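**Student:** Got a structure for you, written out below as structure tokens; questions coming shortly.
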Amino acid sequence: MGNVLKKVDLTKYSEMYQDVENHFQQLEKEKDNFEDTTSYNMVLLAKKYDDFLLDPIVGFFIPGVGDIISSVAALPALYVAMFKLRSVKLTIAILYITILDVLCGLIPFAGDIVDAFYKSNKKARRWIIGYVEGDPDTISEINKAATWGVVGLVILGFIIYLLFNVIMSIYNWFAGLF
């Protein structure tokens, strides 16, 4: 019947284990180095902006300007998600909540009230910290937001396409008059 039990070469598995161990050590080292970067610290520094209800106050007196300030404050978080963490899902999720915040903020008066309570930058900061720490609940939340973000961005793109066609039709109609 032959040799039923074959001798297993454990060196192959030992090398694989060592590679996995080295990979996790490298990830831990990158995490430590990442937390010292300027871009990550800018995301954390943006907390001071969130503490001052700047978006709804400015938006109440000068509509749209508060939303511009809010979206500019989201740029460091987008930069970190896109270039430092290289996470497509996190980038899409942050972009989605930022666009949603801006669109809600553009609604006269009601948008300013929403801006006072809904802080997309605070959520983006929490997601980045949770992503870096590997929190499974945060990663699950990011995945859900990324899915909705893709759907929302496709719908927004379609709406922009339709608006562009309407504007071009109106332009062509006016051009035909002259």
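**Student:** V154: open to solvent by 50 Å² or more (accessible area, probe 1.4 Å), modelled with pLDDT under 95 and part of a helix (DSSP H, G or I), yes or no?
**Tutor:** On the way: open to solvent by 50 Å² or more (accessible area, probe 1.4 Å): yes; modelled with pLDDT under 95: yes; part of a helix (DSSP H, G or I): yes.
Yes, satisfied.
**Student:** Follow-up question, since we're still on this one. Looking at region 64-85, I want the residues that are acidic (D, E) and have a partner that is open to solvent by 50 Å² or more (accessible area, probe 1.4 Å) with Cβ atoms under 8 Å, at least 6 apart or on another chain. Which pairs are those?
**Tutor:** D67/L106
**Student:** Ok, one more. Does F117 satisfy the condition of being surrounded by fewer than 10 Cβ atoms within 10 Å (Cβ to Cβ), under 20 Å from V58 (Cβ atoms) and free of Cβ contacts under 8 Å to residues at least 24 places away in the same chain? Spell out the reasoning first.
**Tutor:** Numbers: surrounded by fewer than 10 Cβ atoms within 10 Å (Cβ to Cβ): yes; under 20 Å from V58 (Cβ atoms): yes; free of Cβ contacts under 8 Å to residues at least 24 places away in the same chain: yes.
Answer is yes for this residue.
**Student:** Find the residue count for region 104-114, including only residues that are in a helix (DSSP H, G or I), open to solvent by 90 Å² or more (accessible area, probe 1.4 Å) and under 23 Å from V151 (Cα atoms). Lay out the reasoning, then the answer.
**Tutor:** The first filter runs over region 104-114 and keeps only residues in a helix (DSSP H, G or I), leaving 104-105, 110-114.
Filter again for open to solvent by 90 Å² or more (accessible area, probe 1.4 Å), leaving 113.
Narrowing further to those that are under 23 Å from V151 (Cα atoms): none.
Summing the residues that are in a helix (DSSP H, G or I), open to solvent by 90 Å² or more (accessible area, probe 1.4 Å) and under 23 Å from V151 (Cα atoms) in region 104-114 gives 0.
**Student:** If you take the residues of region 130-139 that are assigned to a helix (DSSP H, G or I) and open to solvent by 50 Å² or more (accessible area, probe 1.4 Å), which of them is farthest from Q26 (Cα to Cα)?
**Tutor:** Residues of region 130-139 assigned to a helix (DSSP H, G or I): 130-133, 136-139.
Narrowing further to those that are open to solvent by 50 Å² or more (accessible area, probe 1.4 Å): 131, 133, 136-137, 139.
Numbers: Y131: 16, E133: 14, P136: 20, D137: 24, I139: 21 Å.
This residue is D137.
**Student:** Oh, and also: Would you say G64 is modelled with pLDDT of 70 or more and in contact with a helix residue (DSSP H, G or I) (Cβ under 6 Å, 6 or more places away or on another chain)?
**Tutor:** On the way: modelled with pLDDT of 70 or more: yes; in contact with a helix residue (DSSP H, G or I) (Cβ under 6 Å, 6 or more places away or on another chain): no.
The answer is no for G64.
**Student:** Take I99 and tell me if it is more than 16 Å from V80 (Cβ to Cβ) and either of a type outside the set (D, E, K, R) or touching a residue at least 40 places away in the same chain (Cβ under 8 Å) (or both). Break it down stepwise before answering.
**Tutor:** Values: more than 16 Å from V80 (Cβ to Cβ): yes; either of a type outside the set (D, E, K, R) or touching a residue at least 40 places away in the same chain (Cβ under 8 Å) (or both): yes.
For I99, the condition - more than 16 Å from V80 (Cβ to Cβ) and either of a type outside the set (D, E, K, R) or touching a residue at least 40 places away in the same chain (Cβ under 8 Å) (or both) - is met.
**Student:** Ok, one more. Quick one: would you say A116 is farther than 25 Å from T38 by Cβ, modelled with pLDDT of 85 or more and out of contact with any Gly (no Cβ under 7 Å at 6 or more places or on another chain)?
**Tutor:** No; evaluated as a whole, the condition is false for this residue.
The values are calculated or read from the model by the stated rules, or taken from the named source; none is laboratory data. Computed from a prediction, not measured in an experiment: that's the story for all the values here. For neighbour counting, all protein chains shown are included, and Cβ atoms are generated from backbone atoms with ideal geometry for every residue, glycine included. With ligands, DNA and RNA removed, areas are computed over all heavy atoms of the protein, side chains included. Shrake-Rupley method; radii C 1.70, N 1.55, O 1.52, S 1.80 Å.
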